[in-house]
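Each value in this text was obtained by applying a stated rule to the coordinates, not by laboratory testing. Nothing here was measured: the structure is a model prediction, and the numbers come from that model. FYI the Cβ positions are ideal-geometry reconstructions off the backbone, even for glycines, and counts take in every protein chain you see.
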Amino acid sequence: MSRRRARSRATRDAAPVRRRYDLRWPSFVYIATTLFLAIGAINSQNNLLYWAFGAAVCGVVISGLISGGTLLALRVTRDPPPTPHAGDAFTLGYRVRNTHRFLPVFAVLIEEIGPDAGSPAMPSGIEARPALVTHCSPRGGAHAHASCTAVKRGAVSLGCLRVTSSFPFGLVRKTVIFDQPATMLVVPAVLPVRPLDRAARTGSDRVSVDSAARAGAGEEF
C-alpha cells in the first residue's frame, strides 16, 4: 500500500504545470479548405463533398484533441545532471512515461527553457539541442538524450522542460511544461600544461634564478 501511494505521489509531482496549443500557418490553410468543402457540400448536396468535409473535420479532431490528450498523459523527469568541463560536450538524459491506458505517443521533443515556465530562454551556461522521443507505448516508458555543450564554468540553474508535439498531421503544436528544478556545476576547462625546456628539467640553479627574474617557462607555476 505504501509503495502504491509513493508511486501515485511521484506521478502527481511529475505532472505538467502548464499547457498550450499553437496554430501554425498550415493550420489556417487547412481550416480554410475545410470551410470551402462545407460550403460546396451544402450548395451542391454532393455526397462526395460531404465525405471529404467529414474527413477534414476528423483530421482536426485527431490532430488537436486526441493527440493533445495523450501529450497530457506524459510524465517527464530529468536524470541527475553530470559535471562537465567548460567547453566540453555532454548529454542530459530524460525519462518519459506514458500514463495513458490505450493510446501511444509519437514524435515528442523535449527542450530546456530555463527556470521560468513562461520564458523560452535556454539556461545560461549551456547550449542544448532538443531530445527526441519517437515512440512511447501505453503504460510504457522511454529514455531520451539531449546533446549539450558547456559554454562557461559555474553553476547552471536548470528549471523547466518544454515538451512539444505536432503529431500526426502537423496542424496544431501541443506544448506542455514540466517544472524540474536542478543545479548543474560546470567545472573549469582542462588545458594541457606547457612542457619545460631541457635546462629546466635538469634542475640547474641558474634556471631557478632566471625564472624568478622573467616571465615565461620555469620551475614555478
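The table for this structure:
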{"item": "Label-zone membership for the range 74-117, site His135, 7 angstrom Cα→C-beta point, backbone N under 12 Å", "result": "104-107"}
{"item": "Sorted peptide list for 132-138, 187-193, criterion being average Cβ within 10 angstrom, highest first", "result": "132-138, 187-193"}
{"item": "Computed label-point distance, nm, for sites Ala189 and Asp22 using a 7 Å Cα→Cβ extension", "result": "3.3 nm"}
{"item": "Charge context of Arg95, other residues only, Cβ under 9 angstrom, K/R +1, D/E -1", "result": "+2"}
{"item": "Segment Phe36-Val57, extension gain: residue separation times 0.36 nm, minus the distance between their alpha carbons", "result": "6.3 nm"}
{"item": "Length added when fully stretched, Leu48-Ile66, from 0.36 nm per residue minus Cα-Cα", "result": "3.9 nm"}
